[in-house]
Every structure is written in structure tokens, then in C-alpha cells.
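Structure first, then comments.
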Amino acid sequence: MDYKEHIQIINDYPVKGVQFKDITPLMQNGEVYQQAIDEMAVYVKSKNVDVIAAPEARGFVVGCPIAYTLNKSFVPVRKSGKLPRMVVETNYGLEYGKASLAIHKDAINPGDRVLITDDLLATGGTIDATIQLVEELGGEVVGCAFLIELAYLEHGEKLQNYDVYSLMTYN
């Protein structure tokens, strides 16, 4: 299936010069959304994972249904101040600024095989921060899966030691 047919490109959003890839039309088509998640789940299953982790918020729309499909646990990685228990945190750079992410200290056990999902791989900052948190807790990141990869942006160095799967690639 050509999933790109279900992605709407919004020019100059959120800032001038950016071509935002809107996944909402894909998610609004239940059959297409299900097929996309099922296709990603095949890759995730091949990695023999214990845990699926994803940064908020759009990572949840990929990670949760994959975790459900494969009967695996799901770990949310949230913005600082959003998790109620003891956390570990990290700061990172975004395409348009800075941010921080947190994960519950007891969310990942040492040795857990973790796969990280998100809707979009751009510069890799968010995923790199998520990887740092998982590894700080002793998890082994066995792969990263994305609906969309923006191959024209520099992210390879951050993720060069990790297996990356993308359903769609924009060059």
C-alpha cells in the first residue's frame, strides 16, 4: 500500500519553511491505520521485544496499538512533570527548540528488550533522548520503528548503532 497517499503535507507549519507531515488522515481511515500498524508489528515481532516504549504524544498512536497487537507492555515516555512517580529525566534539542523527557524509574527492568516507536523520525533528538532513558534504566534498545522517516534530515549519527524501520521515507 502507498501510505503516503494518506499523509497530508502542510507547508510552513509550525514555522516557515517546514513541510509538516500530518498523519491524521491515515489514522482517520480505520482500514489503512490498521494495515500500517499490522505491518509495523511484523517488524517489531521479529525483534523479540519485551517492552514497547514511545515518546508522547504521537508516539502513543503507534506504540500502543503495536503493544496491544503483540501482547507486550507499553511504556509512555512523557514530558517532564507529567508522570506521578519517581522518574529519570533527560534534556534534548528539538527541530524548533529544547525539551525534556521523563520515564518512570520502574518502567524498564535491566535486560528488557525494548523497541521504541514514534510517528516521525526527523533529526532524531526525541528518539535519542528516549534511548538514553531506556538505557539508563538498563534496557537494551533492539530497534526503533516509525511511520515516517525524513531521510533528508541529519539523524543517522544519533541512531547509527540501532536498527531503524520506517514504513514511509521522504527523501
Task: Positions within segment 107-166 being part of a helix (DSSP H, G or I), at pLDDT below 95 and charged (D, E, K, R), in sequence order - done: D128, E157, K158
Open item on the list: If I filter segment 3-49 down to residues being in contact with a Pro (Cβ under 8 Å, 6 or more places away or on another chain) and in a strand (DSSP E or B), which single residue comes out as modelled with the highest pLDDT?
Closed with: Q8
Task: Criterion (surrounded by 13 or more Cβ atoms within 10 Å (Cβ to Cβ) and free of Cβ contacts under 8 Å to residues at least 24 places away in the same chain) met by exactly one of A41, A67 - done: A67
Open item on the list: So, in segment 131-152, how many residues would count as being in contact (Cβ under 8 Å) with a residue 40 or more places away in the chain and over 14 Å from the mean Cα position of the chain (by Cα)?
Closed with: 3
Open item on the list: If I ask for residues that are hydrophobic (A, V, I, L, M, F, W, C) and in contact with a helix residue (DSSP H, G or I) (Cβ under 6 Å, 6 or more places away or on another chain), which ones from segment 22-35 would you list?
Closed with: L26, M27, V32
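The values are calculated or read from the model by the stated rules, or taken from the named source; none is laboratory data. The structure presented is a predicted model; accordingly, all values stated were derived computationally and were not measured. Here Cβ is always computed from backbone atoms with ideal geometry, including for glycine, and neighbour counts include all displayed protein chains.
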